[in-house]
1. One residue is enough: does segment 150-157 have a residue meeting the conditions away from ligand 1 (no atom under 16 Å from the Cβ), without any contact (Cβ under 8 Å) to a residue 60 or more places away in the chain and in contact with a strand residue (DSSP E or B) (Cβ under 6 Å, 6 or more places away or on another chain)?
2. When residue 213 is evaluated against the numbered criteria (1) without any contact (Cβ under 8 Å) to a residue 60 or more places away in the chain; (2) outside the structural domain of residue 62 (by TED's automatic domain parsing), which criterion, by number, is the only one it fails?
3. Cβ-Cβ distance below 6 Å, separation of 6 or more or different chains: which pairs start in segment 421-434 with a residue that is away from ligand 2 (no atom under 16 Å from the Cβ) and end on one that is small (Gly, Ala, Ser) and not in a strand (DSSP E or B)?
4. Of all residues in segment 396-430 being more than 14 Å from residue 457 (Cα to Cα) and acidic (Asp, Glu), which is nearest to ligand 1 (Cβ to nearest atom)?
5. Mind checking which pairs have a first residue in segment 366-386 that is without any contact (Cβ under 8 Å) to a residue 60 or more places away in the chain and a second that is basic (Lys, Arg), Cβ under 8 Å, 6 or more apart or different chains?
6. Based on this model, can you work out whether residue 199 counts as surrounded by fewer than 14 Cβ atoms within 10 Å (Cβ to Cβ), small (Gly, Ala, Ser) and touching a strand residue (DSSP E or B) at 6+ places or on another chain (Cβ under 8 Å)?
7. Grab the strands (runs of 3 or more DSSP E) fully contained in segment 31-102, keeping just those with 1 or more residues being among the hydrophobic types (A, V, I, L, M, F, W, C), modelled with pLDDT of 95 or more and away from ligand 2 (no atom under 16 Å from the Cβ).
8. Does residue 117 qualify as being assigned to a strand (DSSP E or B) and either of a type outside the set (Phe, Trp, Tyr) or farther than 24 Å from residue 199 by Cα (or both)?
Amino acid sequence: MKTQLKLVAAGITSAVLAMLPATAAETALPTITQELLAPPLLPPPITRKTPAKVVVNLTVEEVEREIAPGSRYTFWTFGGTVPGKMIRVREGDTVELHLLNLPDNKLPHNIDLHAVSGPGGGAAQTLIAPGNEASFTFKALSPGLYVYHCATAPVGMHVANGMYGMILVEPKEGMAPVDREYYVMQGDFYTSGAYRAPGVQGFDMQKAIDEKPTYVLFNGADGALTGNNALTAKANEKVRLYFGVGGPNITSSFHIIGTIFDRVYTEGGSHYQENVQTTMVPAGGSTIVEFVPRVPGNLTLVDHSLTRAFNKGAIGLLAVSGQERPDIYGKGVKKALAGAAAQSAAKAAPPAAKPAVAGVDRAQQLRGKAVYDSNCSACHQADGKGVAGVFPPLANSDFFQQRPYEMAHIVLHGRNGEIVVNGEHYNGIMPPQDLSDDDIAAVINYVGVELNKGTPAVTPAQVRDMRKSRQP
Ligand code: HEC
Ligand SMILES: [Cu+2]
């Protein structure tokens, strides 16, 4: 079994071109073994001008790995990745698809490719138990970007566990060259625990039936396209994204914050629309988008159904390097309105000293500062002094100091209605903050120690208990 696997692995890492003994039907069709790369990468553009027989070796792997940091889930995959490895052929090619179901897998699987003309798209020919290999051939008659997926019952469950990918059938005349190409697919996941709950998570069939995903993700993991995994490009490069939705259920309002799609090949077909902001991609469907980032910085890929992006994980980054272009995108100027500036100067609290309080955990304080800077400072201001009449101060706040422990409730559940802080009336809305127990404890203790000269007041375990209740 080990050697068999090695052979498959060797076969897929290099594209092999060889002549097969010609049969009557396939006179002189060269045979090419499809190169398979892990997303967001994909095979390079096709330079051939004539048809070929393309051999694709896809291995079904059931693998447990992180769906979010600290949260593990068993994915069922085509080729070990979510989405499955992308297949790239040319219109008129004959595809010989081999599906291998590893002996260590627990379930039967198969493949239905939307690029196939024929009932079931290959599902019946490829339905196999663990420890078997199936193959069938089809002719790629129509150019386009097509989803493939497992179609083994319960189909929704196989797809929800990550069993989808895409096949690009390039038109005979080829595709216009671009500087960068990437491969991204969105999918919805239904775990037994809550979003980012730690530990090993099971699959929740009822959540799937109710179409209430715990996660909506790009490329199968929370963070698959952020941090060190961000996509990259240089300003003024032409970027092409092959984007699909595996589903099983949730469609995507696909958008990239900070750019405009020059071209959108709607639904992965042959015609394009120009100058598009957001494009709708159905479950089991795709799109090809092309754009040119003009200035450096992060562009953000989202499902513009935004709680999916900010609360369920459907977020990715394209880090753009290059020259600033203030003529295209200015830096901006901010200043307080005349009246507001005077008020906040009058109330300005003296800067909080940094006391060496016993029992203060420096690591937690640093974490708290980081959480504060990225989640609280936009409203409460970097120095915690707030904005007169709009955002109450957190620094030297009598409201905070009177009951620091209860402040975790406000961060967890948000707050609105009248509130009096240091004698000033406020009536605004603080949205609930989507933070972990550790982050909430850290930020409250940071506000308590650094901005209010207090002592740490709350532990992550207490925050966890508070999550269950809505009232302090
Ligand atoms: C979108 C703006 C916004 C963000 C972001 C925000 N707050 Fe608030 N916060 C408010 C508003 C507005 C109020 C007053 C709500 C009311 O009127 O009931 C408030 C009130 C509070 C209070 C109670 C009043 C006080 O001044 O002591 C605390 C504590 C607090 N926020 C902490 C935080 C922390 C910690 C974060 C970051 C994790 C945060 N807030 C993020 C807008 C925000
Ligand atoms: Cu399957």
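The values are calculated or read from the model by the stated rules, or taken from the named source; none is laboratory data. All figures in this text were calculated on a predicted structure; none of them were measured in a lab. Every residue, glycine as well, gets a Cβ built from its backbone with ideal geometry; the counts of neighbours run over all protein chains shown.
1. Scanning segment 150-157 turns up at least one residue that is away from ligand 1 (no atom under 16 Å from the Cβ), without any contact (Cβ under 8 Å) to a residue 60 or more places away in the chain and in contact with a strand residue (DSSP E or B) (Cβ under 6 Å, 6 or more places away or on another chain).
2. That leaves (1) as the condition not met.
3. If the second residue must be small (Gly, Ala, Ser) and not in a strand (DSSP E or B), the pairs left are 421/397; 430/414; 431/414; 432/414.
4. Top of the filtered list is 418.
5. 385/347
6. Criteria met by residue 199.
7. Ranges flagged: 53-68, 87-90, 94-101.
8. Answer is no for this residue.
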